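Structure first, commentary second.
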Amino acid sequence: MTSPRNVAVLVGSLRQGSLSRQLAQALAAMAPPSLRLTIVEIGDLPLYDPDLDTDSPPAPWARFRERIAGCDAVLFVTPEYNRSVPAALKNAIDVGSRPYGHSVWNGKPGAVVSVSPGAMGGFGANHHLRQSLVFLNVPVLQQPEAYIGGADKLFDAQGGWANPATREFLGRFLQAYERWVQANAATAG
Ligand code: FNR
């Protein structure tokens, strides 16, 4: 058997008790054996400032870039902030995109899961994120789209699934993502 593809999971929320993080962890637990999902933390990244991007950039930037460069694929699990991408996640994307010509995102197969307690499932964040990913040459899974609404009712008090329909949908989403990662792996730089 070939070794599993390493997928870096970026969670767009920094708060303890984040619904997005809970969902990211659940996705990691139910992923097919051919995908190994690991959360890469973004909360310690200083705000991107080109003046700091010298031969010795801030250590958290260097660590983060190395982690993403070493993975085979990326998965974004994010809430929506004011109909867009949370600043912490946008910052991580910007950090990984530079220095110019050395973006760690280039060619990595990706997917987006947006998460909200509201009914629209973070549609705005999902598509603003896709806009950046087009520019960064991340081939993003088109279907199924994953706008996860009612996210405050996904899990019970013990952390188990309270919504079997969403669990089934996410199982199908992961199968499609697995095919997407395998199909696009050759382009990953
Ligand atoms: C929100 N929230 C929110 N929800 C939404 O569906 N659309 C939105 O535009 C916003 N905007 C927004 C801005 C800010 C600054 C905050 C803090 C929150 C609510 C948000 O979906 C909710 O707090 C989620 O629980 C956040 O995700 P995590 O932290 O649980 O992963």
ask   = What shape does region 119-189 take by its C-alpha gyration tensor, where a ≥ b ≥ c are the square roots of the eigenvalues and a/c under 1.5 counts as rounded, a/b above b/c as prolate, and the rest as oblate?
value = oblate
note = FRET efficiency (residue 172, residue 2; Cβ distance; R0 30 Å; to 0.05) is 0.85
message = If the elastic network links every pair of Cα atoms under 10 Å, which of 40, 113, 77 fluctuates the most in the Gaussian network model of the chain?
response = 40
query = Using a 1.4 Å probe on the protein chains only, how many percent of the accessible area of the chain belongs to carbon and sulfur?
reply = 53
Gyration tensor (alpha-carbon) shape descriptor, region 1-48, a/c threshold 1.5 = oblate
ask   = With axes computed from alpha carbons, what is the tilt in degrees of helix 164-184 against the longest principal axis of the chain, rounded to the nearest 10 within 0 to 90?
value = 40
task = Go through region 91-136 and name the chymotrypsin sites (Phe, Trp or Tyr not before Pro) that are in a DSSP coil and have 16 or fewer other Cβ atoms within 10 Å of their Cβ.
result = 100
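Please work out how much length the chain gains when fully extended from residue 137 to residue 94, using 0.36 nm per residue of separation minus the C-alpha to C-alpha distance, in nm with one decimal.
Gain in length upon complete extension: 14.1 nm.
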request  = Working from Cα positions, state the angle (0 to 90°, nearest 10) between the long axis of helix 59-69 and the longest principal axis of the chain.
outcome  = 60
key: Helix 19-30 vs. the chain, principal-axis angle (Cα, 0 to 90°, nearest 10)   = 80
key: Residue-count net charge about residue 92 - beta-carbon cut-off 11 Å; Lys, Arg +1, Asp, Glu -1   = 0
task = Could you calculate the contour length gain from residue 162 to residue 49, that is, 0.36 nm times the residue separation minus the distance between their Cα atoms, to one decimal place in nm?
result = 36.4 nm
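The values are calculated or read from the model by the stated rules, or taken from the named source; none is laboratory data. Note that the structure is predicted; figures quoted are calculated from it, not measured. Note: ideal-geometry Cβ built from the backbone for every residue, glycine included; neighbour counts use all protein chains shown. All accessible areas refer to the heavy atoms of the entire protein, side chains included, with ligands and DNA or RNA removed. Shrake-Rupley method; radii C 1.70, N 1.55, O 1.52, S 1.80 Å.
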